[in-house]
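> Encoded as structure tokens, here's the structure I'll be asking about.
The values are calculated or read from the model by the stated rules, or taken from the named source; none is laboratory data. These numbers come from a predicted model, not from an experiment. Neighbour counts are summed over all protein chains in view; Cβ atoms, including those assigned to glycine, are modelled from backbone coordinates with ideal geometry.
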Amino acid sequence: MKAANVTVRFLSYFCVMRLLTPLFIVCLLLSAGSYAQNAGQGGDVWSLERCVRYAVDHNISIKQDSLNARLARYTVQQSQLSQLPAISATGSYGRSFGRSINPTTNQFVDASYDFLSASGNGSLLLFGWLQVRNTIAKNKYALDASMADLDQLKDDVSLNVANGFLNALLQEEQINISKNQVALSAAQLDQTRKFAESGRLPELNVAQLESQLATDSSNLINAIANYNSAILDLKTLLNIDFNVPFTLQIPDMEVGEQVMVSHTQPEEIYQKAHEHFGAIKGAELRVKSGEKGLAAAKGNLYPQLSLGYQVGTNFASNYLNEKYTANGLQVIGVDTSGGTTHNILGPNYTTTTSPIPFGTQFNNNLRQSVYLNVNVPIFNSWLAQYAVREAKINLATQELNEYNAELTLKQNVYKAHNNAMNSIQKYYAAKRADDAAARALDFAKKRYDLGLTSTVDLLVTQNSEFAAAANLVSAKYDLIFKLKVIDYYLGKELKL
């Protein structure tokens, strides 16, 4: 009874699988075939060169570094403008109450009045031990270093884009390989079913091929997921909206032509990279900037000579203009000498006052002075001395950074050259393995059609060929990227 139930369940499962498998295959192949159509809506095709240009213009890290370079440029402009005279003006207006000194007459007055004063100052550094010039040179070197860093970042982003682009191409080829594998397994399943129905093969062979088809379908789904993930990563590098249609332009890549770069020696690659690499240029420029910064800091230890100019004037509302008018004579005293009395007469004046106009006071009270000023630093809490010590440490740090940048570049170049050599060997080994696996699969299929080999042996050979094809594609794109890294160090444009 139990055996009968098991047989019924197996037959039911087998019938259901026979009905659902063709529909599943059709849906899976349609979905795999539509991924590129969905990505390429509108016919927007992206080549590697276009991706690199777009990334350089829109990448967030590059935009941030561009802002840093702009700040460095403003710093240079500000240090250049510091050579101009420093000019300032002040003014004040108020009302005085009680006893105070009139600012226009310098006399004590006991009254309320309005007052206004204005003054201006100007100074020009005549000699400061080249402190300003050294500061300008320091900031210029810092600006050039920032521009070199920006160029280096653009090259790094371009290399990352090339890596992402090649990874997406790799995943696209993996989809094509998986699609072919699914189609091959489906065709073999259909053929095996016919053989089973005619009695040439047992039903076990059909179940084995159905299992293989399910495995191949799972590989296809994973390949599609990997491709979509690679496209999202590439769009992130480009800073482009994820909903924008995106189709990769598949280049005609011949590995044999690109392998010629392997004949270049690593020391030669390093020398060329040292000439144009932004990281090296930036490190060298920062050493020069540190030297000028040290010279500018030492200038603060010595006296400075400057030329000064001052101008000022003031106004007071109680500054009056007095006018005297003669009105004849008047008795101003009595003379009683000589026994007689005589009146002493004097002129009689009438005094009238009027406020002096605002403009007149400003012109009359105008004062100017020109002077030479010598500033001798005696004690300023050791600020200048510690600024010199800090500048020395900064210079030593930049020199170490320069040495480290050169050492890192040499290590990376030699490592990249070694990786390229290894990738060449892996590629040719994978190509030989793929050729051998393809021939083995061809022989196995012919033997299977004649009934000379089992389904298990066919599936083993088929899986070996699938793995060899996938390894060849992976080795191919790995080699192309490793060779692009060499082009990156040689300063060549990254294109396919």
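> Residues being part of a loop (DSSP other than H, G, I, E, B) and closer than 16 Å to V388 by Cα: count how many of those fall in the range 274-302.
So the count comes out to 3.
> Further, regarding this structure: Within the group D434, D487, which residue is touching a residue at least 60 places away in the same chain (Cβ under 8 Å), surrounded by 14 or more Cβ atoms within 10 Å (Cβ to Cβ) and of a type in the set (D, E)? Steps first, please.
Values: D434 fails: touching a residue at least 60 places away in the same chain (Cβ under 8 Å).
The unique qualifying residue is D487.
> Does A475 qualify as being buried (at least 18 other Cβ atoms within 10 Å of the Cβ) and in a helix (DSSP H, G or I)?
Answer is yes for this residue.
> If the requirement is being within 37 Å of the chain's Cα centre (by Cα) and within 30 Å of L294 (Cβ to Cβ), which of these qualifies: L159, L166, L125, L150?
Numbers: L159 fails: within 30 Å of L294 (Cβ to Cβ); L166 fails: within 30 Å of L294 (Cβ to Cβ); L125 fails: within 37 Å of the chain's Cα centre (by Cα).
The unique qualifying residue is L150.
> Looking at L407 and the list (1) outside the structural domain of S119 (by TED's automatic domain parsing); (2) under 30 Å from P85 (Cα atoms), which single condition is not satisfied?
Against the list (1) outside the structural domain of S119 (by TED's automatic domain parsing); (2) under 30 Å from P85 (Cα atoms), L407 comes up short only on (2).
> State all residues of the range 439-461 that are in a helix (DSSP H, G or I) and touching a helix residue (DSSP H, G or I) at 6+ places or on another chain (Cβ under 6 Å); if no residue qualifies, say none. Even if it seems obvious, please write down each step before you answer.
We begin by selecting, within the range 439-461, every residue in a helix (DSSP H, G or I); these are 439-449, 455-461.
Within the range 439-461, A440, L441, A444, Y448, T455, L458, L459, T461 meet the criteria.
> Among the candidates P355, P347, single out the residue that is touching a residue at least 24 places away in the same chain (Cβ under 8 Å) and either farther than 28 Å from A89 by Cβ or of a type outside the set (A, V, I, L, M) (or both). Spell out how you get there, then give the answer.
Numbers: P347 fails: touching a residue at least 24 places away in the same chain (Cβ under 8 Å).
When all the criteria are applied, what remains is P355.
> A further question follows. Here's a check for you: in the range 348-370, which residue that is modelled with pLDDT of 85 or more and either charged (D, E, K, R) or in contact with a Phe, Trp or Tyr (Cβ under 8 Å, 6 or more places away or on another chain) (or both) is farthest from F115 (Cα to Cα)?
If we take residues in the range 348-370 being modelled with pLDDT of 85 or more and either charged (D, E, K, R) or in contact with a Phe, Trp or Tyr (Cβ under 8 Å, 6 or more places away or on another chain) (or both), then V370 is farthest from F115 (Cα to Cα).
> Looking at the range 455-484 only, could you name the residues that are hydroxyl-bearing (S, T, Y) and in contact (Cβ under 8 Å) with a residue 60 or more places away in the chain?
Residues satisfying the conditions are T455, S474, Y477.
> Would you say A111 is touching a helix residue (DSSP H, G or I) at 6+ places or on another chain (Cβ under 8 Å) and of a type in the set (G, A, S)?
No.
> Give the residues of the range 444-468 that are exposed (fewer than 14 other Cβ atoms within 10 Å of the Cβ) and either more than 56 Å from the chain's Cα centre (by Cα) or outside the structural domain of A183 (by TED's automatic domain parsing) (or both), sorted by residue number.
K446, D449, L450, G451, L452
> Touching a residue at least 12 places away in the same chain (Cβ under 8 Å), out of contact with any Cys (no Cβ under 7 Å at 6 or more places or on another chain), assigned by TED's automatic domain parsing to the domain that holds Q265 and loosely packed, with under 13 Cβ neighbours inside 10 Å: is that true of V388 in this structure?
Criteria not met by V388.
> OK, next. Quick one: which of I87, I136 is free of Cβ contacts under 8 Å to residues at least 40 places away in the same chain, at negative phi and of a type outside the set (S, T, Y)?
The match here is I87.
> Could you check the range 281-314 and list, in sequence order, the residues that are closer than 30 Å to Q271 by Cα and either free of Cβ contacts under 8 Å to residues at least 12 places away in the same chain or not acidic (D, E) (or both)?
K281, G282, A283, L285, R286, V287, K288, S289, G290, K292, G293
> Modelled with pLDDT of 90 or more and under 30 Å from C51 (Cα atoms), is that true of N228?
Against the criterion (modelled with pLDDT of 90 or more and under 30 Å from C51 (Cα atoms)), N228 qualifies.
> Being surrounded by 22 or more Cβ atoms within 10 Å (Cβ to Cβ) and either part of a helix (DSSP H, G or I) or not aliphatic (A, V, I, L, M) (or both) is true for just one of Q181, Q191. Which residue is that?
Testing whether each residue is surrounded by 22 or more Cβ atoms within 10 Å (Cβ to Cβ) and either part of a helix (DSSP H, G or I) or not aliphatic (A, V, I, L, M) (or both) leaves just Q181.
> How about the range 94-133: which of its residues are closer than 26 Å to Q310 by Cα and among the aliphatic types (A, V, I, L, M)?
Of everything in the range 94-133, those that are closer than 26 Å to Q310 by Cα and among the aliphatic types (A, V, I, L, M) turn out to be I101, L116, A118, L124, L125, L126, L130, V132.
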